Amino acid sequence: MIDVRVLRDDPDVIRAAQKRRGESDAIVDSLIGAEERRRSSIGTYEALRAEQKQLGKLIPRAEGEQKQQLLAQTKELSDRVKAAEATQAAAAAELDDLLRALPNLASPEAPAGGEDDFVTLEEVGTPRDFAAEGFQPRDHLELGQMLGAFDVERGAKVSGARFYYLTGVGAQLEMALTNMAMTRASEWGFTPMIPPALVKPRAMEGTGFLGQAADDVYYLPKDDLYLVGTSEVPLAAYHSDEILDAEQMPLRYAAFSPCFRREAGSYGKDTRGIFRVHWFDKVEMFIYTTLEASYAQHEQLLAWEKQWLDALELPYRVIDVAAGDLGASAIRKFDCEAWIPAQGKYREVSSASNCTQFQARRLDIRVRGEHGTVPAATLNGTLVAMPRTIIAILENHQLANGSVRVPAALRPYLQDRDVIEPLS
């Protein structure tokens, strides 16, 4: 949710942000109209309340017929006050609904356009030349089967398409990555957390996931709870309805959690193996800070994610995501995309988003500082999404015989193994 003062003072800023996202700016005129109705209804209500109070002062001093007339006026005025109060509430609700339908204002620094209009900021590392090494790289599914790392056939048998089992070394790899990620995050000043994977509607709506992303969300109607698609949701709601101390900023949390996504609209895409699935585990970083500090914190999140990929010895690129491909809550987002040899292209494995005050306004999270109490700012960054990171490790570090070299930084978390051998 944006600051309503932007609507009053400079609605063209909202129009420009909508255009950068490739969305209609017609909502701006609707918002302006709703705000005018809200302010007008407040004026009408307050004027009637003032009249009601003044009339109430006259009644005790009146007598006889005059008092009866005043009492009649009081009843009629009371009805008008109630009607004005209802009108005011309806106008406020209309404005609130429109504000909640409006995405955060995409940063002018974010590239305009849609999914394909990102800007590559840098490429780190060089993809291996497997032809020069004398062999054709296997894809992650073939490698996983050779290593006994996962089982997609039984995953589909038990749970349906896009589900899987991590088995043997695959399960060990996830646990190793989790431990390494949590260790790194702790060293960077994050408090480790394991949050609930089921949340109330307010948490999901407050983080912006019941708008454009609603079709991707799993809902349990009997319990009125949602399965989270990212631990960003319970982490954002952790301090809901609280006032935080500016001197304690930033607050940093790193959470391990399962994530559930319908993958609506992705029918037929990336169906091979475990690349695009309905459930996966993830370690997510989350930061509460002030608006002014959020921009530097965003760059810092990206720096940590790059350190992580460097430690895994993966070639990757960093892209500045186009405004039209941003989630509803972010003003700007950086994606780190690892090179996937079997696909011959870079694919997203982590991201860093600055949501400024959008989520905090919805969840009523404020910061008290020397200049008063204001909404907090929130940021989130995926450190490791397990299936895709496992895919990147297997494919980039594979050897000709199907074994996989373990990155040096990961070995202490994987029983000091330097190579994962195929099953005999």
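Side notes on the structure shown:
- Residues (free of Cβ contacts under 8 Å to residues at least 60 places away in the same chain and not in a strand (DSSP E or B)) located in region 184-208: E187, P196, K200, P201, M204
- Only one of F275, F260 that is in contact with a Gly (Cβ under 7 Å, 6 or more places away or on another chain) and of a type in the set (A, V, I, L, M, F, W, C): F260
- Restricting attention to region 312-357, the residues being hydrophobic (A, V, I, L, M, F, W, C), crowded, with 21+ Cβ neighbours inside 10 Å and under 17 Å from the mean Cα position of the chain (by Cα) number 11.
- Entry remark, region 57-71: residues being surrounded by 11 or more Cβ atoms within 10 Å (Cβ to Cβ) and at pLDDT 70 or above number 7 in total.
- Residue match in region 353-373 (condition: touching a Phe, Trp or Tyr at 6+ places or on another chain (Cβ under 6 Å) and within 21 Å of R202 (Cα to Cα)): no
- Leading residue by the ranking (surrounded by the fewest Cβ atoms within 10 Å (Cβ to Cβ)) among those in region 162-183 that are assigned to a helix (DSSP H, G or I) and polar (S, T, N, Q): T183
- Lone unmet requirement of (1) farther than 26 Å from E421 by Cα; (2) surrounded by fewer than 17 Cβ atoms within 10 Å (Cβ to Cβ) for L102: (2)
- Residue in region 28-43 that is farthest from D97 (Cα to Cα), counting only those that are of a type outside the set (D, E, K, R) and surrounded by 18 or more Cβ atoms within 10 Å (Cβ to Cβ): S41
- Top-ranked residue of region 140-161 - restricted to ones that are outside any helix (DSSP H, G or I) and in contact with a Leu (Cβ under 9 Å, 6 or more places away or on another chain), ranked as farthest from P387 (Cα to Cα): G148
- Here the condition is being under 25 Å from E348 (Cα atoms) and modelled with pLDDT of 95 or more; of D281, D224, it holds for D281 alone.
- Test: residue in region 366-376 that is polar (S, T, N, Q), surrounded by 21 or more Cβ atoms within 10 Å (Cβ to Cβ) and in contact (Cβ under 8 Å) with a residue 40 or more places away in the chain: no
- Within the set E23, E63, the sole residue that is among the charged types (D, E, K, R) and within 30 Å of N354 (Cβ to Cβ) turns out to be E23.
- Check on R20, of a type in the set (K, R) and surrounded by 15 or more Cβ atoms within 10 Å (Cβ to Cβ): yes
- The set of residues in region 210-248 being closer than 15 Å to C355 by Cβ and touching a Phe, Trp or Tyr at 6+ places or on another chain (Cβ under 8 Å) consists of S231, E232, V233, L235, A236, Y238, H239.
The values are calculated or read from the model by the stated rules, or taken from the named source; none is laboratory data. For clarity, every value in this text was computed on a predicted model and none was experimentally measured. Using ideal geometry, Cβ is built from the backbone for each residue, glycine included, and neighbour counts are taken over all protein chains shown.
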